[in-house]
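Data first, discussion second: the structure below is written as structure tokens.
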Amino acid sequence: MDDRRLNGLWLLPVAAFTNSTFAADYLSASEAQKILLPTADRFELKSVELTGEQIDKIKELAGVRQRTKNPKIWQAYTKNEVIGWFFVDEVIGKHEFITFAAAISSEGKVLGIEVMSYRETHGGEVRKPEWREQFRGKKLDNPFKLDVDVSNISGATLSCRNLLDGVKRLLVLHKVLNLNGG
Amino acid sequence: MVDKYRRRMRPLLGTYVEIGLSRAFQNCDRTIERAFERIETVQKHLSFHDPRSDLSRLNSARGEEIAVHPMSICALRLARVITWRSKGLFNFTVGAQLQKIGALPIHESGKKLMAGQADDLEIRGKKVRLRRPLVITLDGIAKGFAVDLAVKELKTHGASSSGWVNAGGDLRVFGDLTLPVFQRNASRPDGELPLLGGLRNSALATSETSGSNSYQFPGKIIAACGHSTEDGIWSVIAPSAWLADALTKVAGVSSQRDREFAVSRLGGHLIQGAEGEVK
């Protein structure tokens, strides 16, 4: 075994890990807007209230339920010309909601998606108080800054299906609300 | 301090891919973007699920020579060499077996052999062909390979930076950063999430194996050598993510007696046994 491989693994005190490391906020709405619609110079928040009929229609066309009556939708402009729509939505991951953003063109084409917040607990076990309790009172005398630590759960391959279903649902929403053409 | 690293996540490779990069240099966002683009390229060319990918075209070519992307050549060479060097403990020709049990989709027609050998794949310049009717599966090493390419991109454009790429547990860390890593084991009755340690300038991959054919078990590792898998979670540390991933398969199909040696002989380090204890 060469040194490099052995040095690759530093055993750490468990205190290097905190509960907060199971949540990660990747982007704010405005950051996601800039990434997904970089040419837009203005985003206008639209006030939308879906009717029961529209919610049923979305379920019928998308195969998944539209949870909220008030989806978060922005219209994106470049020099007063509508260039597309920006949505912020949530889907359930394994146990927790994943917040994501999607940009959809006026023609109903997905321009991109971004994960904004990921709160997955990688199994319900970490929500158990006794599991969290084990970290209480541990010393922090380790080589890390706590807030640099990122939880990486090796072996946790997650299905992206719910997110893909979520994007499909937004495309249906785009259609049901007649957002084509601005 | 958390702001020291820019983190982004995208659904790619059938999982969630997270990239972290120190913000200490300019063009951090653009560099992350480029790294995601590299991963998308791997997905495009090496996805087993996409019938238009180089991999699917190779499997459907009925022994004809086909031209593929240079990156595909590189991944296929790696798969071939580890199949050969591991004496089939990792075997990239068992795709038909995985299709038979429903673990992988079937895009091609015709009768296929259940397993072959490393030299059943012929590589000539930018062209490849299969000498026998086999189904090639790059399994998780394509995911690890994508992680390696993404890290290369991050390092090229942010030479003095540090960061990581994590594709559903295929993780590689580089630069002046030590990342704590935990291992998930859904079958542990105590629900404990054991800490493996801190990862620095290395790659780590984990695969779970099961001796049973439970439909709830998502993946399947099959060795052509006739070894059967036992229940276990295998985490391997290696210089690159593709190798770490391949060696988790080697660990999964090795006998208990040979496991540690088999992995270390091929350049990896098995860091956890089936019981979840840190060694």
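The values are calculated or read from the model by the stated rules, or taken from the named source; none is laboratory data. On a predicted model such as this, the values are computed, not experimentally measured, just so you know. Note: ideal-geometry Cβ built from the backbone for every residue, glycine included; neighbour counts use all protein chains shown.
Values as computed for the structure displayed
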item: Scope region B:39-82; condition closer than 17 Å to B:LYS112 by Cβ and among the hydroxyl-bearing types (Ser, Thr, Tyr); matching residues; result: B:SER56, B:SER60
item: Single match in A:ALA76, A:ALA103 (criterion: part of a strand (DSSP E or B) and farther than 26 Å from B:VAL17 by Cα); result: A:ALA76
item: Residue satisfying all of: in region B:102-138; of a type in the set (Gly, Ala, Ser) and in contact (Cβ under 8 Å) with a residue 60 or more places away in the chain; surrounded by the fewest Cβ atoms within 10 Å (Cβ to Cβ) among these; result: B:ALA103
item: Odd one out for B:ARG57, checked against (1) in contact with a strand residue (DSSP E or B) (Cβ under 6 Å, 6 or more places away or on another chain); (2) in contact (Cβ under 8 Å) with a residue 12 or more places away in the chain; result: (2)
item: Hits in region B:210-269 (condition: more than 22 Å from B:ALA75 (Cα to Cα), modelled with pLDDT under 75 and within 11 Å of another protein chain (Cβ to nearest Cβ)); result: B:PRO218
item: Matching residues in region B:1-27 - criterion: being at pLDDT 85 or above, facing chain A (nearest Cβ under 7 Å) and in contact with a helix residue (DSSP H, G or I) (Cβ under 6 Å, 6 or more places away or on another chain); result: B:ARG8, B:ARG10, B:PRO11
item: Test result for B:ARG77, out of contact with any Asp or Glu (no Cβ under 9 Å at 6 or more places or on another chain), without any contact (Cβ under 8 Å) to a residue 24 or more places away in the chain and surrounded by fewer than 21 Cβ atoms within 10 Å (Cβ to Cβ); result: no
item: Flag if B:SER86 is out of contact with any Phe, Trp or Tyr (no Cβ under 6 Å at 6 or more places or on another chain), without any contact (Cβ under 8 Å) to a residue 12 or more places away in the chain and crowded, with 22+ Cβ neighbours inside 10 Å; result: no
item: Number of positions in region B:139-177 that are within 11 Å of chain A (Cβ to nearest Cβ), surrounded by 24 or more Cβ atoms within 10 Å (Cβ to Cβ) and either without any contact (Cβ under 8 Å) to a residue 24 or more places away in the chain or hydrophobic (A, V, I, L, M, F, W, C) (or both); result: 5
